[in-house]
Amino acid sequence: MKIALSTSVIQRGKTGVAQYVLALTRALMPYTDVVKFHILALAQDLPLFEFARGRMEIVPVDERWRPAVRNIWWHQQVLPRWLDQQQIDVLHVPSYRRMVHSAHCNLVSTIHDLAPFHVKKKYDFARMLYGRIVVKHLARRQNGIIAVSSSTARDVEHYFGVPVQRQNVILNGIDHARFNPGDRAAACAMVAQRWDLTEPFFLYVSRLEHPAKNHTRLIEAFDKFKSTSGSPWQLVLAGSDWHGAEHVHAAARDSRHTRDIHFLGFVEDAVLPDLYRAASTMVYPSLFEGFGLPPIEAMACGCPVISSKRGSLGEVVGSAARIIDPEDVGDMAQALLEFATHREQRDSLIHAGLENARRFNWDENAKRVMDVYEKPFTGSRSWGG
């Protein structure tokens with residue numbers, strides 16, 4: 001069997017989809033003795049897949065195909081011809097944004113979320129239109145759909161008309177060899193040296209995207225917490241700038257406690273576990289998530305979590321986090337105050353989080369992904385379209 005994985009939406013490794021693609025690729029490595037994998041990667045993303053070289057065929061894609069419109073064209077017009085030439089059996093596109101309309105092989109796509117239906121102005125008009133209209137048609141053209149949560153699967157049924165029972169709900173996993181409690185003292189020393197973070201801090205790991213990731217309300221809640229408590233705790237925002245990042249930076253500049261708000265930019269994989277270990281609390285106030293990996297990564301590293309339950313987050317964090325209303329600044333500020341002043345609450349959630357994180361294992365999930373690849377699909381799509 002020949003399987004091609006298109007990776008052009010990973011944005012140089014700086015997104016949640018990128019973490020999904022890289023983790024899935026690693027988890028599929030044990031199957032390379034019986035399956036030939038082709039990893040299609042844009043030229044500047046090739047170094048991210050060096051770990052797979054020699055076990056999987058790494059296929060360079062010219063950088064001229066990176067811009068969104070050109071990339072869509074490449075998927076619809078150029079890629080199908082390559083699939084024919086290489087006699088590929090299954091194409092897996094790990095994002096709804098690049099699902100292929102038709103090809104002479106089975107089409108599998110991962111849908112992480114349907115955020116355009118839930119968060120107004122998440123993207124510009126063209127992207128919102130594409131997400132709401134075009135993707136609905138493309139989803140019905142797929143032989144197999146992988147939804148990363150039950151919440152996403154229900155959305156796919158509701159908005160695209162693909163029944164949940166025709167989808168494959170396969171949760172994301174995390175690499176427990178990387179994300180584990182480790183040596184907290186060493187982690188604290190590292191973040192102190194690298195970022196001069198010596199006080200207890202709340203951590204939010206997410207790209208700086210406004211309004212969907214809700215940074216501005218978090219900054220407002222942090223202001224209330226600081227003014228009420230006089231606490232030395234700080235707020236650390238880790239993630240690269242994205243759509244609307246200027247609003248987040250402006251909110252931090254205007255904060256009365258701006259000197260206690262730190263922007264780290266994108267944090268590379270090698271040091272991310274230590275950042276979680278050093279954090280006193282992870283705060284994840286997102287307005288919508290199709291899954292939400294950072295809270296689980298934090299839990300696995302022994303960091304207690306405050307989280308929204310929007311989208312799939314309630315399903316993912318369960319009872320192992322302090323749940324907040326992400327649109328209620330007062331509720332958020334109260335949660336910050338509780339965690340800064342009640343060590344026992346943090347400790348209880350550390351233990352609950354470690355237990356919850358064990359549910360997310362890529363070894364088992366990779367087997368289920370392989371089952372999707374190996375399904376004897378018929379020539380026509382199961383749900384028409």
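The values are calculated or read from the model by the stated rules, or taken from the named source; none is laboratory data. Given the structure is predicted, the values throughout are model-derived calculations rather than measurements. So basically every Cβ, Gly included, is an ideal-geometry build from the backbone, and we count neighbours across all protein chains shown.
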**Asked** Within the range 14-29, which residues are without any contact (Cβ under 8 Å) to a residue 40 or more places away in the chain and surrounded by fewer than 19 Cβ atoms within 10 Å (Cβ to Cβ)?
**Response** Met29
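Yes/no per residue for (1) buried (at least 16 other Cβ atoms within 10 Å of the Cβ); (2) among the aliphatic types (A, V, I, L, M); (3) at pLDDT below 95:
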| residue | (1), (2), (3) |
| --- | --- |
| Ala251 | yes, yes, no |
| Ser255 | yes, no, no |
| Asp260 | yes, no, no |
| Gly265 | no, no, no |
| Pro295 | yes, no, no |
| Ile306 | yes, yes, no |
| Val317 | yes, yes, no |
| Leu336 | yes, yes, no |
**Message:** For the range 178-232: of the residues being touching a residue at least 40 places away in the same chain (Cβ under 8 Å) and among the β-branched types (Val, Ile, Thr), which is nearest to Asp260 (Cα to Cα)?
**Reply:** Ile219
**Item:** Exclusive hit being within 17 Å of Ser151 (Cα to Cα), touching a Leu at 6+ places or on another chain (Cβ under 9 Å) and β-branched (Val, Ile, Thr), set Val329, Val316, Val283
**Value:** Val316
**Prompt:** Which one is nearest to Ala298 (Cα to Cα), of the residues in the range 195-225 that are surrounded by fewer than 20 Cβ atoms within 10 Å (Cβ to Cβ) and more than 25 Å from the chain's Cα centre (by Cα)?
**Reply:** Pro200
**Asked** Does Thr152 fit the bill of being modelled with pLDDT of 90 or more, touching a strand residue (DSSP E or B) at 6+ places or on another chain (Cβ under 8 Å), buried (at least 22 other Cβ atoms within 10 Å of the Cβ) and assigned to a helix (DSSP H, G or I)?
**Response** yes
**Complete:** Counting only residues that are within 17 Å of the chain's Cα centre (by Cα) and assigned to a strand (DSSP E or B), the range 92-117 contains a total of 4
